[in-house]
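Laboratory data are not the source of any read-out in this text; all were calculated from the coordinates shown. Just so it is clear, the structure is predicted and the values come from calculations on it, not from any experiment. As a convention, Cβ positions derive from the backbone with ideal geometry for all residues, glycine included, and neighbour counts pool all protein chains shown.
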C-alpha cells in the first residue's frame, strides 16, 4: 500500500513546495525512496530541488491545463509501491481538485489499497482567510477516508482570529475529526535561524546540500541542524509520514 501525499492549497506562495520538499527529505532519511511529482504548470518549484528525485508532469495543452493529463498522474500513483509526494501549484489547484472529485479518484485509489493524505497550509496575515477557506472547501469535497495534515505557517503573521489560535477557530472545531496532525513551521522572519532557513529554501537546497556548502559558517550549519531536528521530530510524531 502506498501513501499518497497531496499538497493542496488554492492560495499561491504559502509554502506548498517547501512542504513537499520537507516531506521528501524526511522520507529519504528513513531509507525510503518516495515518488516525487510536480504538477505546477507555472513555477515547478518542487522540481527545482536538484537534490531530490522530482519528476515534472506536463499538464498543459496549447497553453491550457488539460484535465486528461491528470490520467498520467493516476497511472503513476496506481503502480507506486512506496510513498508518493505530489506538489500542485495554485494555478492548477481547481482543475486537479475537480478532476480528483468528479472522477472519484480517492475511492479508486482506496480500492487499490492506497491511502490519500491531503497536506494543506494555513497562514497568518492577509492570506489567512483565503487559506482557511481553502482548507474548509477541501475537507467538504474529499471523502471521509481522506485524512488531512494542517501545516501552520506564521511567516506573514500570527495565525489567530480575534485573539483565538487556529485550534479555537471554526475551521478547526468543525472539522477536527478529519485532521490527523498539525505541524508548526518556524517563523522565518526571525534573524539568524529564520534567515538561514529562508536562504536555504530560496536556493532550493535540501538540508544535506546546504550544510555541505563550504561557504557556510559553523553557526549557520549549527542552526540549520537544529531546525532540521525540530521539524523532523514533529514529523516522527505523525503516523502518516
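A few comments on the model shown:
- A full extension of the chain between residue 141 and residue 237 corresponds to an added length of 31.9 nm, given 0.36 nm per residue minus the alpha carbon distance.
- Computed label-point distance, nm, for sites residue 203 and residue 78 using a 7 Å Cα→Cβ extension: 4.2 nm
- Prolate/oblate/rounded label for the range 85-142 (Cα gyration tensor, a/c 1.5): prolate
- P(r) for the range 1-111, from all Cα pairs and a bin width of 10 Å, is 14, 49, 33, 4, 0 %, short bins first.
- For the range 157-241, diffusion coefficient by Stokes-Einstein and Kirkwood Rh (Cα), 20 °C, 1.002 mPa s, µm²/s: 143 µm²/s
- Cβ-derived FRET efficiency at R0 30 Å, residue 168 paired with residue 191, nearest 0.05: 0.50
- Here the calculated FRET efficiency for residue 112 and residue 160, from their Cβ-Cβ distance with R0 = 45 Å, stands at 0.65, rounded to the nearest 0.05.
- Shape summary of the chain, radius of gyration then Dmax from alpha carbon positions: 17.5, 52 Å.
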